[in-house]
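Beneath this line is the structure, given in structure tokens, with notes to follow.
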Amino acid sequence: MKLTCTLDEVTRSYIPGIYIWDLTCGDVKIKMDIHRMVAMFRKGDKIEVEISKDLPPFEKGKDFAAHGYVVTKRREDDVSKVLISLWGFLVILQTSNEELLREFNPMDRVYMVMRRST
């Protein structure tokens, strides 16, 4: 899954050093936890997000890259959600278009790469 997103909101978590990012990516919305040490983007930035079962190409030291597991997949009130744990940090993908999230299933190992959009 490749998405072009805008970082709409950056809020502090109750957990020290952690931020919560809200990204809009067309039909998909992403809400995720991120540690301040790796929070390389700012509110308003355009970001390319790639989530895949295979490691996407990335530039070490320039792009954000992590791997984790799909924790759960569910549908509530015509909204499909996939919850991914990246070493304990939560990423929530949600969309009304269930087809966009079809490739993800619980316990799938996934990679997430984020880079500045060109």
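So here's what we get for this one:
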quantity: Test for LEU83: is it under 12 Å from the mean Cα position of the chain (by Cα), without any contact (Cβ under 8 Å) to a residue 40 or more places away in the chain and over 14 Å from TYR111 (Cβ atoms); calculated: yes
quantity: VAL113 being touching a Leu at 6+ places or on another chain (Cβ under 9 Å), open to solvent by less than 70 Å² (accessible area, probe 1.4 Å) and among the β-branched types (Val, Ile, Thr); calculated: yes
quantity: The range 19-38 - residue that is free of Cβ contacts under 8 Å to residues at least 24 places away in the same chain and out of contact with any Gly (no Cβ under 6 Å at 6 or more places or on another chain) and, of those, surrounded by the most Cβ atoms within 10 Å (Cβ to Cβ); calculated: TRP21
quantity: Residues located in the range 54-80, provided they are under 12 Å from VAL110 (Cα atoms) and outside any strand (DSSP E or B); calculated: ASP54, LEU55, PRO56
quantity: Total residues in the range 54-106, condition surrounded by 15 or more Cβ atoms within 10 Å (Cβ to Cβ) and farther than 23 Å from ILE15 by Cβ; calculated: 9
quantity: Residues being among the charged types (D, E, K, R) and over 15 Å from the mean Cα position of the chain (by Cα) - total across the range 1-29; calculated: 1
quantity: So LEU90, is it free of Cβ contacts under 8 Å to residues at least 24 places away in the same chain and assigned to a strand (DSSP E or B); calculated: no
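The values are calculated or read from the model by the stated rules, or taken from the named source; none is laboratory data. All of these numbers come straight from a predicted model, not from anything done at the bench. All Cβ positions, even for glycine, are placed from backbone atoms using ideal geometry, and neighbour counts span all protein chains on display. Surface areas here come from the heavy atoms of the whole protein model, side chains and all, with no ligands, DNA or RNA. Shrake-Rupley method; radii C 1.70, N 1.55, O 1.52, S 1.80 Å.
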